[in-house]
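Asks: Below is the structure I would like to discuss, written out as structure tokens.
The values are calculated or read from the model by the stated rules, or taken from the named source; none is laboratory data. From a predicted model like this one, the values you see are computed outputs, not experimental measurements. Cβ sites come from the backbone with ideal geometry, for glycine too, and all protein chains shown count toward neighbours. Remember, those area values only see protein heavy atoms, side chains included, never the ligands or the DNA or RNA. Shrake-Rupley method; radii C 1.70, N 1.55, O 1.52, S 1.80 Å.
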Amino acid sequence: MPDLLLELFSEEIPARMQRKAGEDLKKLVTDALVERGLVYEGAKAFVTPRRLALHVAGLPVRGRDVREERKGPRVGAPEAAVQGFLKAAGLSSLDQATIVSDPKKGDSYVAIIEKPGQETIQAIAEIVPAVIRSFPWPKSMRWGKASAAGASLRWVRPLHSILCTFGAETEDTEIVPFEVDGIISGNVTYGHRFHAPAPITVKRLDDYVTSLEKAKVVLDADRRKEIILTDARNLAFAQGLDLVEDEGLLEEVAGLVEWPVVLMGSFEERFLDIPGEAIRATIRANQKCFVLRDPATGAIANRFLLTSNLAASDGGAAIVAGNERVVRARLSDAAYFWQTDRGSLPDLDTLKDSAEKLGLDLAKPLDQRMAKLDKLGVVFHAKLGTQGERVQRIAALAKELAPIVGADPAKAERAAKLAKADLPTEMVGEFPELQGLMGRKYAELQGEDASVAAAVEEHYKPLGPSDRLPSDPVSVAVALADKLDTLVGFWAIDEKPTGSKDPYALRRAALGICRICDENNLNRLQLELILTRLFDKWPNVDGPVAAFDLIDFIVDRLKVMLRDRGIAHDVVDAVARQGVRRETMMPGVANVRVISIIVRTADALGRFLDTEDGKNLLAGYKRAANILKAEEKKDGEGAFADAPDLHLIADAGLIEEKALAVALAQATPKAESAVAAEDYEGAMAALAEIRPAVDAFFDKVTVNDPDPAQRANRLKLLNQLRQATRAVADFDRIAG
């Protein structure tokens, strides 16, 4: 079957746009083919800095013929209806229509419309120009004389040529004929800009890839990445060094070259006094180069690897020398930043008020920077105050949280006061991605406690679902304080995430809280109580209600986190919402939710529900709950809240009813005690003891007994079953 080969050849496409552009080209073209009934066997997109290419394999020569019956008006219908039918069906007279008889509706006209399938090459000639003209580049441009008119083609960079061929593997291919803004499709491509700029005629994918390879172009981006990574590792190994691998940089560099050639450069050892992270950030950001490290010490080495786009006749010596000059200049800047940040600020006298307000020591450089941040009045958010005000809130909260998470309150407060101090430093100003890390370096240099210095860096973590977590108790206290202050603040000013929009990364903050609480087993951190107190400090905010809404938001993030562990949303809901009602959300109420306990209970409950005991108990609970709901509508809510009368159970003489009463009396305190002791497996085992009695009860006992006293008593027994399960979770929320 025939294949399609398409290439759009242009000036350099920004590396960050290439992957998405390849995916978009593939989707837009193949979707349009399928819409026309042209089903294909496979498709693959390719992208280099100067070209987008697409290969679609196994297309039919033409689309399928279509036969359609279009029903028209009744025989004898008004002339206007008949003419409308003829026009819509494309008929010139009723002689071309068929009359169909219906015993009920009578005779009516039917048009048989047969459309031959469209030639695939013709369909491609219509599809590709439309895709090119509407291509969804994040940024695009017009060029040339036609751009003055404002209606010319927009492309990411000037588009030079279009290659588009179609044909079977064993036959000559045809050029798919079309034109886009004066660019006529053909079968010609071009190789490497410097090594092989001459035109190359191609037919199909095989000779296209081979011809480009000969012309110093590696078409496949993943293969370019593999070449760069392999050569970089080999060059590093030859020097007794390790490559500091960087997937993001590797992806970017592969999008900058068509013929990757990896070369090694060096810089003076004196620059190694700069923190390794700063060296890496400098070389990465400015020169798109990889750094190396000494495997014996783990320290950054005075070598770097660059990726050239050509194989130079001098072996790359001139290219390396040019890169070394730029790297040397950039590292000189970094060395200046590093030295300046460790010295005193020239305007210390103006910082005394801020230092006194925040309890800072102006003899220490990092304290000076924090005082400077406060003095400048740098705004965190227009409605949430300055960074200095925010640091005061975080410090107070970190001190409050410290005993709960096992941290020293004084250290937590001190770490929080320094947590944002590196923001006005020269190094972070140049490389924002180093915030926190540079703060830790500067804190260590001025003799801060190791836990305090670590917290300055780690309080930002986790930055994503796979990022490492703070583990030192001081780091945990400050990280939680930072994230809770952020969430409370934006909740208080009603700047909550909506749909896919989350400009302040509040979902990430909530997920971070969940991960920190879970993995550090913070079973004393009662979020509702803490959040309610924080909200009470904001004017015109109903603390308990706001806390309830925010904790629900956090629990929603928890459900996302636990989904990867195979714990269903409804199981998390059953545990997290157990016994919690908005109207009872006041400080000191029972059943406040604790993230680590929710996780452990949901995990145990999920495993229990996968067993036969769990499935059957859930079924029995659902049956009991449904009966109670129906009967409570008649007798009123709470009508069966009292304990059942054991004398009535004895008088009835039903073994199964007695067995359920005994099982509940024995299992309920066991489950409650197990939950209180945080033994969630034990709580599930206690519930499992009820299951046989529940099964037997529903098999042998009539709940709605003709005797009103017996009916009410049995409903009270079922209510006891409902209450026993609620010691663990709200089973009403579990599907099944």
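Asks: Mind grabbing the accessible area of W338 for me, 1.4 Å probe, Å², rounded to tens?
Replies: Around 30 Å² of this residue is reachable by solvent.
Asks: Sticking with this structure for a sec: Using only the alpha-carbon atoms of the range 164-258, report the extent along each of the three principal axes, biggest first, to the nearest angstrom.
Replies: The principal-axis extents, from largest down, are 55, 33, 23 Å.
Asks: Which of the GluC sites (Glu not before Pro) across the range 465-574 are loop residues per DSSP, with 16 or fewer other Cβ within 10 Å?
Replies: In loop regions of the range 465-574 (DSSP not H, G, I, E or B), the sparsely surrounded GluC sites (Glu not before Pro) are E495.
Asks: Mean separation of Cα pairs under 8 Å and 6+ residues apart, divided by the residue count of the range 113-169: what relative contact order is that in percent?
Replies: About 28 percent, as a whole number.
Asks: Which whole-number percent is the relative contact order of the chain (Cα, under 8 Å, 6+ apart)?
Replies: 7
Asks: Between the range 632-672 and the range 96-124, how many Å separate their Cα centres?
Replies: 71
Asks: Sticking with this one: Going by average Cβ density within 10 Å per residue, which order do the peptides 617-625, 267-275 take, highest to lowest?
Replies: Descending mean neighbour count gives 617-625, 267-275.
Asks: Continuing with the same structure: Order of 365-375, 108-118 by packing, highest average Cβ count within 10 Å first?
Replies: Values: 365-375: 24.0, 108-118: 15.1.
Top to bottom by mean Cβ count within 10 Å: 365-375, 108-118.
Asks: Ignoring ligands, DNA and RNA, what percent of the 1.4 Å accessible area of the range 1-43 is carbon and sulfur?
Replies: About 50 percent, which is the carbon plus sulfur part of the accessible surface.
Asks: Once you charge only the Cβ atoms, +1 for Lys and Arg and -1 for Asp and Glu, what is the size of the charge dipole of the range 462-582 about its Cα centre, to the nearest 20 debye? Don't skip to the answer; put the middle values down first.
Replies: On the way: 17 positive and 18 negative charges, 33 e Å.
Taking the Cα centre of the range 462-582 as origin, the dipole is about 160 debye.
Asks: Still on this structure, please answer the following. With the contact rule set at Cα under 8 Å and sequence spacing of 6 or more, what percent relative contact order holds for the range 87-204?
Replies: For the range 87-204, the relative contact order is 16 percent.
Asks: In whole percent, and with a 1.4 Å probe on the protein chains, what portion of the accessible area of the range 347-431 is carbon and sulfur? Walk me through the intermediate numbers first.
Replies: Values: 1750 of 3470 Å².
Its accessible area is 50 percent carbon and sulfur atoms.
Asks: Select from the range 92-145 those trypsin sites (Lys or Arg not before Pro) which occupy a DSSP coil region and have at most 12 other Cβ atoms within 10 Å, ordered by residue number.
Replies: K104, K105, K139
Asks: Another question about this same structure. Measuring from the lowest to the highest alpha carbon on each principal axis, how far does the chain reach, largest first, in angstroms?
Replies: Extents along the principal axes, in whole Å: 103, 100, 50.
Asks: Hey, got a sec? Which GluC sites (Glu not before Pro) in the range 624-684 land in a DSSP loop and have at most 13 other Cβ atoms within 10 Å? Can you show the working numbers first?
Replies: Numbers: sites: E631, E632, E637, E656, E657, E672, E678, E681; in loops: E637, E678.
Listed in order of number, the matching sites are E637.
Asks: Mind checking which of G315, L235, A455 is farthest towards the positive end of the chain's charge dipole, using Cβ charges of +1 (Lys, Arg) and -1 (Asp, Glu) about the Cα centre?
Replies: The residue sitting most towards the positive pole is G315.
Asks: Stokes-Einstein diffusion coefficient for the range 223-327 at 4 °C in a medium of 1.567 mPa s, Rh from the Kirkwood formula over Cα pairs: what value in µm²/s? Please report the intermediate quantities before stating the final value.
Replies: Numbers: Rh = 13.7 Å.
So the translational diffusion coefficient is about 94 µm²/s.
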